[in-house]
Amino acid sequence: MKSEETKKKILDTTIALIENLDGDVSKVTIRKIAERAGIGTGLINQYFGTKDNLIEACVQTIIQKVVYCFEPEVTVPANGVKT
């Protein structure tokens, strides 16, 4: 597996765990992530260093997805000026 694929698998697995645990990151462990992703714990440490770094990367990914999906409604009144 390529390094970017492995990193994405770790992120996706961690995000799924966070969602399954209703956002309670205290219940997310490196061991659980490794088991579900089918990789060794050393790879997680290699890519992210600490659980906190991994959680931060996951939160950033979640926020990016939310921002990407958010499309504010722009209305153009009769005078042609956007509001």
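The values are calculated or read from the model by the stated rules, or taken from the named source; none is laboratory data. Everything quoted here is computed from the prediction, not taken from an experiment. Note that each Cβ is placed from the backbone with ideal geometry, even for glycine, and that neighbours are counted across all protein chains shown. Only protein heavy atoms, including side chains, enter the accessible area calculation; ligands, DNA and RNA are left aside. Shrake-Rupley method; radii C 1.70, N 1.55, O 1.52, S 1.80 Å.
So which residues in the range 40-54 are open to solvent by less than 70 Å² (accessible area, probe 1.4 Å) and more than 13 Å from LYS8 (Cα to Cα)?
Residues satisfying the conditions are GLY40, THR41, GLY42, GLY49, THR50, LYS51.
What number of residues within the range 29-52 are in a helix (DSSP H, G or I) and of a type in the set (S, T, N, Q)?
3
Kindly list, by first and then second residue, each pair from a residue in the range 22-39 that is within 16 Å of LYS8 (Cα to Cα) and open to solvent by less than 50 Å² (accessible area, probe 1.4 Å) to a residue that is assigned to a loop (DSSP other than H, G, I, E, B) and of a type outside the set (Lys, Arg), limited to pairs with Cβ atoms under 8 Å and residues at least 6 apart or on different chains.
These pairs meet every condition: ALA34/GLY40.
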